[in-house]
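A.B. asks: Just passing along the structure, written as structure tokens.
The values are calculated or read from the model by the stated rules, or taken from the named source; none is laboratory data. All of these numbers come straight from a predicted model, not from anything done at the bench. Cβ coordinates were reconstructed from backbone atoms using ideal geometry, including for glycine residues, and neighbour counts include every protein chain displayed.
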Amino acid sequence: MIHEDQSRYQRQNQQLEDQTKADVVKPLKDHVAQFGRLAHQEWVNAFGSTDAKADDALKLASYKATLKGHLAAAPSSQSADIARAVEKGHALGTQQTIEQIDDPSRRVVQITTPNRTAKQISKVNDNVSSALDDAGSYIDLLGDDAEFEELTPAFASASSAVTSLDRSVTWFVNQAISYAVTKVSNGAGLGQVFIGERDACLDCNSNVGKTSDKGFDGPPVHPNCRCSVAPWSEDWTPDEGPSYPEALEREANRSVLKGWSGSDSNTARLAAADRLLEAGTKLPASVQQSARRAIKTGAFAGT
Ligand SMILES: [Zn+2]
């Protein structure tokens, strides 16, 4: 049983996510950036400057057609690409689990994408298309004497297509990896332990070190969550010293008392530290004292 490799696994997970984004998100991102430049340039060509109104109906019609043509040519096969990335996520999670189980006699189950996930993936294309359609509708709305600023909601809709695709890729890739780790370890008769990402949020932090026989609801627990799971069995509890889950939980608690959290407000971090002190912790007195000081002064040291 090897647990020191978790940071290496999280790096592998991040690499698959990054690679998928380069393949799936970047083409759309570039296309949308080009849309912004085209909208700007063509307006200047047609009406003189972006301060000028669209005072020529024919030119405006042609301008609108150019922009809508560009939107219509946006890359549109994201679902198929994401489905392939999910299969890679399953392979990666399977490989990581086998390495950690370190016992060739255990059964390795084959992972397939659940129907529910496949359905969610197939909706990604629809979400992208509908955001781009919205952008197109704002272009349609441009009337006589329109101003360039009226395109702002079109740009916002087009960008939201990229943002939502980016978020979907993060979600599906990380979900696929956790899913495979869970299924393969369950198949081998093992449970799981929840592992936080670096700077995990307070919500995720409260799961760190928790163990389960049947898998967790996530990770991901929320958009952009890169926490993970690893195989775990009570049989692996050492005779002396903290078990791996206990060590993880201790580190998570230390983060709470130090006020380290990637995304939570100062108020939420102070409240979490307060709750933890109230519940009691075996962390060193010095760490507890500095947390008490932080609660009293309203700020963690170094923040
Ligand atoms: Zn998380």
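A.B. asks: Under the condition of being surrounded by fewer than 14 Cβ atoms within 10 Å (Cβ to Cβ) and small (Gly, Ala, Ser), which residue from the stretch 26-51 is nearest to residue 139 (Cα to Cα)?
C.D. replies: 33
A.B. asks: Could you tell me how many of the residues in the stretch 173-193 are outside any helix (DSSP H, G or I) and charged (D, E, K, R)?
C.D. replies: 0
A.B. asks: Just checking, which of 157, 206 is hydroxyl-bearing (Ser, Thr, Tyr), outside the structural domain of residue 272 (by TED's automatic domain parsing) and more than 18 Å from residue 75 (Cβ to Cβ)?
C.D. replies: 206
A.B. asks: Kindly establish whether residue 161 is outside any helix (DSSP H, G or I) and either crowded, with 24+ Cβ neighbours inside 10 Å or more than 11 Å from the ligand (Cβ to nearest atom) (or both).
C.D. replies: For residue 161, the condition - outside any helix (DSSP H, G or I) and either crowded, with 24+ Cβ neighbours inside 10 Å or more than 11 Å from the ligand (Cβ to nearest atom) (or both) - is not met.
A.B. asks: Applying the selection to the stretch 52-69, what residues are within 34 Å of the chain's Cα centre (by Cα) and crowded, with 20+ Cβ neighbours inside 10 Å?
C.D. replies: The one that is within 34 Å of the chain's Cα centre (by Cα) and crowded, with 20+ Cβ neighbours inside 10 Å: 67.
A.B. asks: From 189, 215, grab the single residue that is over 26 Å from residue 23 (Cα atoms) and within 22 Å of the chain's Cα centre (by Cα).
C.D. replies: Of the residues listed, the single one that is over 26 Å from residue 23 (Cα atoms) and within 22 Å of the chain's Cα centre (by Cα) is 215.
A.B. asks: Restricting to the stretch 187-218, and then to whatever is polar (S, T, N, Q) and within 11 Å of the ligand (Cβ to nearest atom), can you tell me which residue is farthest from residue 9 (Cα to Cα)?
C.D. replies: Among those residues, the one meeting the criterion is 206.
A.B. asks: Related question: Kindly check whether there is at least one residue in the stretch 204-214 that is surrounded by fewer than 24 Cβ atoms within 10 Å (Cβ to Cβ), under 25 Å from residue 91 (Cβ atoms) and small (Gly, Ala, Ser).
C.D. replies: yes
A.B. asks: Please list, ordered by residue number, the helices (runs of 4 or more DSSP H) wholly in the stretch 194-303 having 2 or more residues that are of a type in the set (Val, Ile, Thr) and touching a residue at least 12 places away in the same chain (Cβ under 8 Å).
C.D. replies: Here the list reads 285-297.
A.B. asks: Could you tell me whether any residue of the stretch 268-280 is in contact with an Asp or Glu (Cβ under 9 Å, 6 or more places away or on another chain), within 14 Å of the ligand (Cβ to nearest atom) and modelled with pLDDT of 90 or more?
C.D. replies: No, that holds for no residue.
A.B. asks: Additional query: Let me spell it out: the conditions are (1) part of a loop (DSSP other than H, G, I, E, B); (2) in contact with a Phe, Trp or Tyr (Cβ under 6 Å, 6 or more places away or on another chain), and residue 142 meets all of them except one. Which number is the exception?
C.D. replies: (2)
A.B. asks: Is there any pair linking a residue in the stretch 27-48 that is over 23 Å from residue 128 (Cβ atoms) to one that is of a type outside the set (S, T, N, Q), with Cβ under 6 Å and at least six apart or on different chains, and which?
C.D. replies: Pairs found: 42/63; 43/148; 46/59; 46/63; 47/54.
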